[in-house]
Structure formats: C-alpha cells, structure tokens
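J.: First the structure, which I've put down as structure tokens, then a few questions once you've had a look.
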Amino acid sequence: MGFDSSSGAAANGPFKEIYQRSIDDPQGFWEDAAADVHWSKPPKTILDESNSPFNQWFADGEINACYNALDIHVEQGRGEQAAIIYDSPVTETKSRISYAELLDQVRHFAAALQACGVSKGDRVLIYMPMVPEALVAVLATARLGAVHTVVFGGFAANELAVRIDDCSPKVIVSASCGIEINRIIEYKPLLDGAIDLARHKPTNCILLQRPQCEAPMNNARDLDWKQAVASVAPVDCVAVKSTDPLYILYTSGTTGAPKGVVRDTGGSVVSLKWTMKNIYDVDPGDVYWAASDIGWVVGHSYIIYGPLFAGNTTVLYEGKPVGTPDAGAFWRVISEHKVKVLFTAPTAFRAIKREDPEGEQLAKYDLSNFEALYLAGERCDPPTLQWAQEQLGVPVIDHWWQTETGWSICAICKGIEMQEVVSGSPGLPAPGYQLAVLDQEQQTVAAGDIGALVVKLPLPPGTFTNLWGAPDRYQSSYFENYPGYYETGDAGYIDEKGYAFVMARTDDVINVAGHRLSTGGMEEVLASHKDVAECAVIGVADELKGQVPLGFVALNSGCDRSQEDIVKELVQMVRESIGPVAAFKQAAVIARLPKTRSGKILRGTMRCIADGTEWKMPATIDDPVILDEITDALQSLGYASSTRT
Ligand code: COA
Ligand code: AMP
C-alpha cells in the first residue's frame with residue numbers, strides 16, 4: 001500500500017484562486033459562505049472592523065447554532081439519519097442516535113435548563129465524559145442562546161474551581177463518572193470539591209447517573225438528569241446576535257490562570273460548515289470521526305459542531321487508541337461504522353505504531369470506506385506520518401490550528417484541491433489566513449528563515465473574538481507585539497513553495513499527548529511546596545507523548561528531608577492541583593537553577609541537556625558548574641547525555 005502524495009502543485013489550480021479571493025475580498029468570500037447557513041436575520045454587515053482586533057463578523061445577523069446543527073436537517077428530511085454513533089469500548093456499548101431523536105432530547109434538556117433559570121447569555125458549565133448526553137447538554141445550551149463552557153474530565157477540582165469562578169455558571173451539568181482504561185473516575189467528589197473551593201456557586205447541578213457508578217445526590221442543588229427532563233415541555237431555539245458568544249473554552253497560557261477563549265455564534269456556524277466540505281471533503285450523510293475529547297477545541301469543532309452543521313454522522317468514541325482492547329481499536333471503528341475521515345493527534349498513531357509496528361491488526365479490517373486521515377494538536381514527526389501513509393494507503397494530512405482559531409490556520413484543503421503533502425509541514429495557509437513570518441523588528445523574514453508565525457488581521461470568521469472577562473489580556477497577549485497581526489505563539493518558517501513549518505512555541509506552553517498545558521501553571525504548584533526555594537518546568541521530548549513536563553527544583557537551605565519523598569509529594573501535588581492529564585511524573589533536585597547574569601532561567605539549555613541534543617555554553621551564564629550537576633541529575637533519571645559544542 002502507499003499513497004502518492006506528490007500529485008498537485010501549490011502554484012496552480014482552483015485552490016490558489018480561492019485562497020487569493022479570500023485574502024483580496026474577505027467580505028465577499030465569507031458572505032458567500034454565509035449564504036449556506038440558516039439565519040433568523042441574514043446579516044447586511046459582513047465585517048465590522050471599527051474596533052479591531054475586536055472584529056465582528058456578520059455583525060447585524062441573528063442566528064442559532066443548535067438550529068443549524070439539528071432542526072434544519074430534520075426539516076430537510078435528514079431526521080432518520082444517524083447524527084451520532086456512540087461507540088464505547090470501555091462500557092461495551094454502541095448506539096446510533098438519529099437527528100430526530102437527538103433533536104427531541106435536546107429540546108427537552110433545553111427545557112430542563114430553562115427550568116433551572118438558564119436564559120440567553122447565561123453560562124452553563126459542562127464537566128462530562130464522552131457520552132451522548134454531553135452533546136445534548138452542549139446543544140441544549142446553544143438552543144437557549146446561553147453560553148457553554150466544557151471542562152475536560154482529566155482536570156482536577158482546583159482547575160474546575162478556577163473556571164467556575166471565571167465564568168460564573170448558573171448551572172453545571174455533569175455525570176456520575178468517567179471511565180479510563182483501568183479505573184472509574186468519580187466525578188461527583190471532584191465537582192463538589194470544586195464548588196466548595198470556588199467563590200461562585202451554581203444554582204443547580206444536573207447529574208447524569210451512569211450504571212458504572214451511582215453518585216450521591218447529597219446537595220439541595222443536585223438534580224437527576226432523568227428527573228429533570230421528565231415533565232418539561234420541549235423548547236424552541238432562541239435566536240442570538242451573530243456576535244453573541246456560543247461558548248467559552250479555557251486553554252493554557254503562560255501563567256496558571258487559564259484563558260477563556262470566546263467564540264462567537266455566526267462566525268462559528270459559517271466557518272465550521274465551510275471547512276467540512278472544503279478542508280475535510282465530506283458531504284452530508286458521510287461518517288466523520290474526530291478521535292479527541294469534547295473538552296478540547298477539536299471536540300467542539302469536529303466532534304460536535306462541524307459535522308452536525310454539515311449533516312454528517314459524527315462518531316463519539318469513548319475509548320483509547322490502544323488498550324480498549326488493542327491497537328486495532330481505531331481500525332475496528334472505521335470499518336464498523338464506515339468512517340470516511342478520521343481526525344486525531346499524532347500521539348495516537350505513535351501509540352498504535354508502538355504496539356503494532358507491522359500493522360497486523362489493520363489487516364483484519366475492511367477500510368474500504370476510509371478516504372483520509374487528518375492529524376493536529378502537535379507537530380507530526382515525519383516517521384509517524386510516513387508510517388500512517390504506508391499502512392493506510394490514503395492521504396495523511398497534518399494541519400495546524402489552535403484553541404484560539406477554532407479551525408485550521410494551515411491545511412491541505414482536500415475538498416478544494418488535493419495539494420502535495422510535504423512531510424514535516426502542516427500544509428498551506430487555509431483560505432482566510434494571511435500567514436507571515438516576522439522577526440523581532442516586525443520585518444518579514446526570507447523564505448526558509450525562522451521567525452514568529454503571525455496572521456494578518458482580520459482573522460477569518462470562527463476564530464476567537466475575545467477572552468472571557470479579559471479584553472485587555474486578549475489585546476496584550478495576541479495583538480500587541482506585532483501590530484496589525486495575530487500572534488500565534490508558534491515559531492516556524494514558510495518555504496519557497498508557501499508551505500508552513502511549525503517548529504516550537506514561543507511561550508511556556510507545552511503539548512503533552514496533544515494536550516496543551518502551561519509549564520508556568522505547573523511551576524506555580526511546585527513553588528507552593530514548603531521546601532522548594534525555586535523551580536522550573538520544561539517540556540522534554542517523549543517518544544509517545546511528543547513532550548512531557550520535567551521539573552527542576554532547588555530546595556530551601558537547611559532542608560534535610562529525603563529528596564525522593566519531596567519529589568513524590570510534588571508529583572502528587574501537580575496531579576491533585578492540575579490533574580492526571582498534566583502527566584507530571586519526574587523532577588530533578590538541584591542546588592540552584594542555571595541563569596543568565598540578568599537572572600533569566602536558561603530553559604533552552606536545560607531542554608537540550610535533557611533531550612540529548614547539542615548545546616553551547618551560554619555566554620551570559622552566571623555559574624557554569626550548575627550545568628554539570630544538571631547533566632548528572634538527568635542521567636540518573638534516565639535521560640540521554642548530550643554533547644556540549
Ligand atoms: N478523565 C480523567 N482522567 C483522564 C482523562 C479523563 N477524561 N483523560 C486522561 N486521563 C488521565 C489518564 O488516565 C492518565 O492517568 P494516569 O497518569 O493515571 O495514567 C493521564 O490522564 C494522562 O492521560 P493521557 O495523556 O491520555 O495518557 P495515556 O498514557 O493514558 O494515553 C495516549 C496516551 C497517546 C493513548 C492518549 O494520550 C491518547 O489517546 N491521545 C489521543 C490524542 C488526543 O485525544 N488528543 C486531543 C487533542 S486532538
Ligand atoms: P491547542 O490550542 O490545544 O489546539 O494547541 C495549539 C498548539 O498546538 C499550537 O499553537 C501548536 O503549538 C500546536 N499544534 C497544533 N497543531 C499542530 C501541528 N499540526 N503542527 C505543529 N504544532 C501544532
């Protein structure tokens with residue numbers, strides 16, 4: 001097998017023309033795309049840039065996202081088609097929910113939320129595992145014109161509390177438990193713990209009881225999901241302004257305080273529907289599977305909204321790429337449900353490749369309906385790309401995007417024209433994104449030279465419009481360093497053919513198994529340990545997860561406790577404070593941190609030593625001896641020795 005990815009050329013064909021129009025005439029381009037969705041009041045103003053960077057797409061339009069995801073398809077005769085295929089190897093459950101059934105459930109759950117006092121603009125926090133009811137809760141919130149904020153189940157109570165306080169939800173929707181491969185995660189104690197920690201208290205918590213674990217309903221605010229929907233009259237959609245928020249999604253920034261990315265309603269509906277055909281090349285009725293989690297942006301855009309706006313069938317998979325039960329899990333799902341397109345993170349493929357390098361599991365399944373694999377969430381290493389191409393024999397398309405953008409900045413727009421796939425690159429700038437690489441003086445660098453990856457304003461529809469309650473942070477974090485541009489926080493280059501290469505973050509964000517985490521947030525936890533004088537956390541290369549966090553701590557003078565005990569406590573603290581998803585498992589105890597004479601911690605040098613790559617003694621280091629100590633400490637933790645040049 002093997003797919004010839006060299007057909008097509010970046011310079012010719014329809015893609016170039018379509019892309020160019022999106023840059024020369026963004027308003028005309030997106031006005032056309034907007035004609036493909038349902039508006040309660042069609043917009044006359046396509047883009048209001050009067051308060052840039054707070055740009056407003058379809059400013060005077062009115063719309064409802066749930067209507068575009070469900071009602072419209074039922075009205076247009078798609079009611080019997082599966083909207084969701086739920087496949088849960090961890091509970092040995094499979095089910096199909098049609099558009100008509102899903103609409104019915106959503107109309108009732110919206111009524112239950114309304115009975116709790118939720119109305120347009122109120123926030124509803126959703127802390128749920130990968131079950132269909134999570135999608136019901138999301139869509140019901142959107143139906144009321146309220147704003148959902150989904151929090152990933154792998155975060156600890158403290159992280160949940162921070163989000164509760166930031167967005168002050170009227171209602172929290174949760175479930176009794178989530179299920180990992182080897183254990184049941186009880187959500188109720190985490191939820192109650194978070195509400196205890198938070199200053200803001202929700203009016204109600206609606207709990208879905210799962211048979212694997214019954215949650216105690218021990219609080220006056222607790223409502224059982226089944227009872228909440230039992231005697232309510234279904235409700236209709238509430239139209240909102242195009243610019244009203246559809247959701248808030250928290251993501252990691254440079255500090256422990258997460259950023260509440262705000263996505264507007266009209267821009268999301270228009271852009272996500274447009275991407276389904278133009279980027280992923282799927283048509284109504286096709287089965288589309290994003291193997292991610294609803295707690296991440298990929299889940300919002302491509303488990304929930306995109307496929308439903310486009311009338312696809314979305315696969316909701318509650319399992320892992322390996323271990324549920326084996327490395328053939330993804331192939332089984334593709335084959336059984338006739339999946340046309342799969343979207344996941346490279347780490348999932350590294351996990352499969354590690355267990356089944358020869359692809360023996362793959363040979364057991366019929367993948368004849370499968371047409372393309374899309375990867376994102378972290379840099380796709382060329383060996384993984386090549387392995388996937390060889391095994392699957394379909395295009396494997398790496399594409400680059402962020403929570404902030406909601407859809408891909410760079411991709412191969414297969415639905416427009418199948419361009420060449422270049423190993424190591426997530427492709428060409430997608431329509432709407434005028435990508436540039438700038439140096440520190442804000443000058444464009446030559447092709448092939450590394451700099452800050454930035455996007456010229458205006459950003460296309462569907463990208464973030466603000467940070468919740470923090471407009472100043474929105475402006476200063478993303479738009480100040482490079483006036484007139486959006487700063488992605490990634491560094492990289494564009495080659496002569498226009499292909500982008502995303503090489504590294506320019507801030508403290510790391511990507512662990514496709515999950516975006518803040519090393520700054522972890523440092524805040526380590527620094528709160530009573531024996532820690534100073535600390536640093538860096539991301540080091542990991543064969544499976546891409547990156548994992550590694551801590552360095554210097555202890556208070558006079559501390560004579562066992563270093564091993566202290567490290568164990570630190571690992572537990574990060575797990576309890578941020579969550580297991582941080583995958584913080586190791587820390588080296590050192591005398592002091594390596595710094596420049598001006599006090600800047602030499603993270604880059606520490607990373608090279610840990611990764612075993614070549615490094616130079618920094619000219620400005622205040623105390624070179626400490627680097628020898630770090631090398632020894634890392635070797636004793638099992639890290640490769642690196643060479644100093
Ligand atoms: N609720 C509670 N705990 C969770 C969780 C959830 N929803 N998701 C993950 N965790 C826990 C895991 O059980 C694990 O705990 P442990 O330290 O006790 O083992 C920890 O968080 C780290 O999880 P994860 O990063 O998923 O690592 P893993 O070793 O369990 O699995 C992969 C590794 C590669 C198989 C897994 O990361 C994966 O499937 N990735 C797919 C990529 C993806 O979904 N990316 C999202 C963006 S596209
Ligand atoms: P998130 O907001 O969680 O989606 O993480 C976004 C970050 O993940 C980006 O800023 C990049 O650093 C990284 N990322 C996502 N997709 C890619 C990709 N295809 N190639 C390289 N890095 C990526």
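We did not get these values from a lab; they are worked out from the coordinates using the rules stated. Worth saying up front: this structure is predicted, and the values here are computed from it rather than measured. As a convention, Cβ positions derive from the backbone with ideal geometry for all residues, glycine included, and neighbour counts pool all protein chains shown.
J.: Order these peptides, 107-114, 214-221, by their mean beta-carbon neighbour count within 10 angstrom, highest first.
T.: Descending mean neighbour count gives 107-114, 214-221.
J.: Over the chain, what lengths in whole Å, largest first, do the semi-axes of the equivalent ellipsoid take, defined as the square roots of 5 times the eigenvalues of the alpha-carbon gyration tensor?
T.: After diagonalising the Cα gyration tensor, the semi-axes are 37, 31, 26 Å.
J.: Peptides 125-136, 235-246: what's the order by average Cβ count within 10 Å, highest mean first?
T.: Packing order, densest peptide first, comes out as 125-136, 235-246.
J.: So for each of 385-396, 445-456 I average, over its residues, the number of other beta carbons within 10 Å; can you give me the resulting order with the highest mean first?
T.: So the peptides 385-396, 445-456, ranked by packing, come out 385-396, 445-456.
J.: Kindly point out, ordered by number, any Cys in the chain whose beta-carbon has no other cysteine beta-carbon under 4.7 Å away.
T.: CYS66, CYS116, CYS167, CYS205, CYS237, CYS380, CYS410, CYS413, CYS535, CYS559, CYS608
J.: Suppose only helical runs count, i.e. DSSP H with n ≥ 4. What mean residue ellipticity at 222 nm does that imply for the chain under -39500 (n - 2.57) per run, divided by all residues and rounded to the nearest 500 deg cm²/dmol?
T.: Roughly -8500 deg cm²/dmol at 222 nm, from the helical runs in the chain.
J.: Rounded to the nearest 0.05, what FRET efficiency do MET217 and THR93 give with R0 = 30 Å and r taken as the Cβ-Cβ distance? Could you check?
T.: For R0 = 30 Å, the calculated efficiency reads 0.80.
J.: What distance in nm separates the two pseudo spin-label positions at ASP36 and LEU544, each 7 Å out from Cα along the beta-carbon direction?
T.: Between ASP36 and LEU544, the label points sit 4.0 nm apart.
J.: Using the structure shown, list the pairs from LYS94/LYS320; LYS241/LYS456; LYS340/LYS497; LYS94/LYS545; LYS568/LYS616; LYS273/LYS320 with a Cα-Cα distance above 21 Å, or answer none.
T.: In this structure, LYS241/LYS456; LYS340/LYS497; LYS94/LYS545; LYS568/LYS616; LYS273/LYS320 lie more than 21 Å apart at Cα.
J.: In whole Hz and in residue order, list the ³J(HN,Hα) couplings for the range 32-46 that follow from phi through the Karplus curve 6.51 cos²θ - 1.76 cosθ + 1.60, θ = phi - 60°; x for Gly and Pro.
T.: 3J(HN,Hα) across the range 32-46, in whole Hz: 4, 5, 5, 6, 8, 10, 8, 10, 6, 9, x, x, 9, 8, 7.
J.: Mind sorting LEU526, LEU457 by how few other Cβ atoms lie within 10 Å of their own Cβ, fewest first?
T.: LEU457, LEU526
J.: Would you mind working out the magnitude of the charge dipole of the range 406-518 relative to its Cα centre, with +1 at each Lys and Arg C-beta and -1 at each Asp and Glu C-beta, to the nearest 20 Debye?
T.: With only Lys, Arg, Asp and Glu charged at Cβ, the dipole is about 400 debye.
J.: Just how large is the dipole of the range 509-636 about the Cα centre, in debye to the nearest 20, putting +1 at every Lys and Arg Cβ and -1 at every Asp and Glu Cβ?
T.: The calculation lands at about 420 debye.
J.: Using modelled amide H (1.01 Å from N, peptide plane; none on Pro or chain starts), what sits under 5 Å from the amide H of ARG123, excluding residues fewer than 5 places away?
T.: VAL147, LYS170
J.: Then there is this: For LYS44 and ALA446, compute 0.36 nm times the residue count separating them, minus their Cα-Cα distance, and round to one decimal in nm.
T.: 140.7 nm
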